[in-house]
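What follows is one structure encoded as structure tokens, with my remarks underneath.
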Amino acid sequence: MSNAATETPEIPATGRIPARRPVAGRRPRRRRAVGPWWQRMNFVGGLGASAWLVVVGVPLYFLFVTSFRVSADYLADGPLSPPDNLTVENYTTIMQSDFPRYFINTIVVTLACVAIVLALALPAAYAIVRSRKKSVATVFSIILLGLAVPAQAVIVPLYLLITQAGLYDTLLAIILPTAAFALPLSIVVLTSSLRDVPTELYEAVNLDGAGSTRALFSIVIPLSRAAMATVGIFTAMQAWNGFLFPLVLTQDPSVRVITLGLWDFQGQFGLNVPVIMAAVALALLPLLVVYLVGRRYLLAGLTAGTGK
Amino acid sequence: MSSRTQSSSQAGRPGFVWAAPAIVFFGLFALLPMVAVVYLSFTSYTGIADPVWIGAENWRHLASDPFVGNSLRLSASLTALSWLVQTAITLPLGIYLAGKGRTRSLLAAVFFLPLLMSGAAIALLWSTLFDPNFGLASIVGPLVGVDDGNFIGSPTFAFYCVLLVISWQFIPFHTLLYQGATRAIPISLYEAATIDGAGRFKQFTSITVPQLRDTIITSGVLMIAGSLTYFEIILILTGGGPGTATRILPLHMYITGFKSFDMGYASVLAVLLLTIGTSLSLFITKVTGYRKMASQKEGL
């Protein structure tokens, strides 16, 4: 997946092909003069991208600025007026609400889901790639069947299952189904990464008399680190942003997660829009940090399973 | 996978037991419910007392449900329109962002920001923007001839508000797919075309688009599969209203099961969703080649 954004700008935005300047340590690239057309400037593209910048930028600007505004000013001056009297009070209000607890709940749910998915998907993917057993191939077919099944389709029986198991209103009620629904794509991603491991490598380990467990630790885990990161991030995003499972399988504020908490704030704070925007901004913050630190991995995790 | 299984060749290879925990876990929380939902569709179940078998009554109710036709139609048009809108925007945008340069990197960084927001967060942000009294809608409304700015409360516009927000949520993701796929097109193809004297437009139609064929399919299938899960955006933005103007199938199922507590009939609606979802899974598996046992790097 080559979706990492350009680290080294090679053609400036004007699109003019620059004269080749020798840079120490950088190998001069061939083919400079005839790059594909889409690498060069095009006016229509720039115009379209600018239009989209407005569609994306205005709501995000609104979110950010409004979260620092005084509620009375917001109501009096309108949504897009230049901000004055900026305040952090909205954030204080949110931090003094139940938000920190929702935050901790969400972190617990997210970490548990990632742990479960990696612990289950990795050995399964290894078996799917290496095993000659028919039963393992069947397992794969069954799991693939779950790829596009929407959670809504099974929420009623899940509700029955969770209440019967006495798990209603616990964090486990959110964790277990969320992890289960992240499994198919996770197994697909790990399977395609393990297929790229040369067969000779497995055979060499087997010749040494080592069993599958050794192979798991000496080959599978070291060689699928990138895929594991992808799966981890994909699962974490599912868990962090999950809505339906917490909505149906929990009720009590003590086990509430951020997504439900946000919805709750809308009722709780009503017209105090700046406070709600502060809550939305705070919910976004951890992912924003991840985005700034490891954009490549985050984007790979998001597009898990779509690369061909 | 080789069908000739020799007993010796399995030696040193992981067996079923390695895949067992995953399949048991997935079976319990995904497969079992998939089967159980079919059973529940033949029961009367309120969520409190145990389900009671009532035969095909729920299924007969399907024919007389005044909302189900509407919700299926809404789901279908939302799926079709969001596919159209999103593809028309993401294909060119992804190609544009595949280019190099500081401006494009910066634009891409901003464009992908909505990816970090949950559906709930996006819905809250937009429901604030759509507020006819204090939101952006109060400014935009009069400019486009809707003086009260009440788009979200209008039976005509609410559907398009939902379409806008859903597109806003998913366009970054598909743009990302197209960006990655465009960068993977072999540059030599363009070089050859340039030598042959093909212009930009010709290169676009005869190289870029054909080379992106797989991505157009993948992205399209994901959009369609994703449209089965549109839920919290609509629940928070409109609750399915005004009236039933935005009550798509998943929402109709939720309202029936968890607001009216008719979980038996909700299971009938869920079986519809399940059927569509499973068919899509099979289709996805086919078009993406997930099952292929060979390394995808082979031949490179």
Revision key, fill the gap. Across the range B:113-125, the tally of residues that are more than 7 Å from chain A (Cβ to nearest Cβ) and farther than 23 Å from residue A:235 by Cα stands at 0
**Study point:** Selected residue (criterion: nearest to the chain's Cα centre (by Cα)) from residues of the range A:155-182 that are more than 8 Å from every other protein chain (Cβ to nearest Cβ), within 24 Å of residue A:232 (Cβ to Cβ) and small (Gly, Ala, Ser)
**Key:** A:182
Study note, to complete from the structure: When the range B:149-179 is checked residue by residue, the ones that are more than 19 Å from residue B:245 (Cβ to Cβ) and in contact (Cβ under 8 Å) with a residue 60 or more places away in the chain are B:169, B:170, B:171, B:172, B:174, B:175, B:176, B:177, B:178, B:179
Review point. Can you pull out the residues in the range A:262-300 that are facing chain B (nearest Cβ under 7 Å) and not aliphatic (A, V, I, L, M)?
Key: A:263, A:266, A:291
Review point. Does residue B:117 qualify as being in contact with a helix residue (DSSP H, G or I) (Cβ under 9 Å, 6 or more places away or on another chain) and without any contact (Cβ under 8 Å) to a residue 60 or more places away in the chain?
Key: yes
Review point. Does the range B:127-142 hold any residues that are in contact (Cβ under 8 Å) with a residue 12 or more places away in the chain and either among the basic types (Lys, Arg) or facing chain A (nearest Cβ under 7 Å) (or both), and which are they?
Key: B:135
Check your understanding: Do we have any residue at all in the range A:66-77 that's modelled with pLDDT of 90 or more, in a helix (DSSP H, G or I) and more than 7 Å from chain B (Cβ to nearest Cβ)?
Key -> yes
Revision key, fill the gap. Screening A:275, A:231 for residues that are in a helix (DSSP H, G or I) and more than 29 Å from residue A:147 (Cβ to Cβ) leaves only A:275
Check your understanding: Do we have residue A:185 as crowded, with 24+ Cβ neighbours inside 10 Å, modelled with pLDDT under 90 and more than 9 Å from chain B (Cβ to nearest Cβ) here?
Key -> yes
**Study point:** Leading residue by the ranking (farthest from residue B:124 (Cα to Cα)) among those in the range B:166-221 that are at the interface with chain A (Cβ under 9 Å from one of its Cβ atoms) and basic (Lys, Arg)
**Key:** B:200
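Conditions tested, residue by residue: (1) basic (Lys, Arg); (2) touching a Pro at 6+ places or on another chain (Cβ under 6 Å); (3) modelled with pLDDT of 90 or more; (4) not in a helix (DSSP H, G or I).
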residue: B:36; (1), (2), (3), (4): no, yes, yes, no
residue: B:60; (1), (2), (3), (4): yes, no, yes, no
residue: B:71; (1), (2), (3), (4): no, no, yes, no
residue: B:75; (1), (2), (3), (4): no, no, yes, no
residue: B:84; (1), (2), (3), (4): no, no, yes, no
residue: B:94; (1), (2), (3), (4): no, no, yes, no
residue: B:115; (1), (2), (3), (4): no, yes, no, no
residue: B:121; (1), (2), (3), (4): no, no, yes, no
Point to revise | residue A:26 within 11 Å of chain B (Cβ to nearest Cβ), out of contact with any helix residue (DSSP H, G or I) (no Cβ under 6 Å at 6 or more places or on another chain), modelled with pLDDT under 80 and not in a helix (DSSP H, G or I) | key: no
Check your understanding: Can you find a residue in the range B:90-97 that is in contact (Cβ under 8 Å) with a residue 40 or more places away in the chain, at the interface with chain A (Cβ under 7 Å from one of its Cβ atoms), crowded, with 19+ Cβ neighbours inside 10 Å and under 25 Å from the mean Cα position of the chain (by Cα)?
Key -> yes
Review point. Inside the range B:188-237, counting only helices (runs of 4 or more DSSP H) that do not spill past its ends, which hold 2 or more residues that are under 17 Å from residue B:280 (Cβ atoms)?
Key: B:213-227
Practice item. Just need a number here: residues in the range A:243-261 that are assigned to a loop (DSSP other than H, G, I, E, B) and more than 10 Å from chain B (Cβ to nearest Cβ). Key: 4
Practice item. For residue B:171, state whether it is outside any helix (DSSP H, G or I), touching a Ser or Thr at 6+ places or on another chain (Cβ under 7 Å) and of a type in the set (Val, Ile, Thr). Key: no
**Study point:** Residues satisfying the stated conditions in the range B:211-243, i.e. at pLDDT 90 or above and among the β-branched types (Val, Ile, Thr)
**Key:** B:233, B:234, B:236, B:238
Study note, to complete from the structure: Of B:101, B:145, the only residue that is facing chain A (nearest Cβ under 7 Å), small (Gly, Ala, Ser) and surrounded by fewer than 22 Cβ atoms within 10 Å (Cβ to Cβ) is B:101
Revision key, fill the gap. Being surrounded by fewer than 22 Cβ atoms within 10 Å (Cβ to Cβ) and more than 24 Å from residue B:251 (Cβ to Cβ) narrows A:254, A:224 down to just A:254
Review point. Do we have any residue at all in the range A:128-151 that's of a type in the set (S, T, N, Q), assigned by TED's automatic domain parsing to the domain that holds residue A:258, crowded, with 24+ Cβ neighbours inside 10 Å and under 30 Å from residue B:268 (Cβ atoms)?
Key: no
Exercise for review: Would you kindly identify the helices (runs of 4 or more DSSP H) lying entirely within the range A:150-220 that contain at least 1 residues that are of a type in the set (Asp, Glu), touching a residue at least 24 places away in the same chain (Cβ under 8 Å) and farther than 29 Å from residue B:42 by Cα?
Suggested key: none
Practice item. Can you confirm whether the range A:226-236 contains a residue that is closer than 22 Å to residue B:125 by Cβ and within 26 Å of the chain's Cα centre (by Cα)? Key: yes
Practice item. Give me the pairs, please: first residue somewhere in the range B:40-69 and away from chain A (no Cβ under 14 Å), second residue anywhere and part of a loop (DSSP other than H, G, I, E, B) and among the polar types (S, T, N, Q), beta-carbon distance under 8 Å, and either six or more positions apart or on two chains. Key: B:59/B:41; B:67/B:244
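The values are calculated or read from the model by the stated rules, or taken from the named source; none is laboratory data. All of these numbers come straight from a predicted model, not from anything done at the bench. Every residue, glycine as well, gets a Cβ built from its backbone with ideal geometry; the counts of neighbours run over all protein chains shown.
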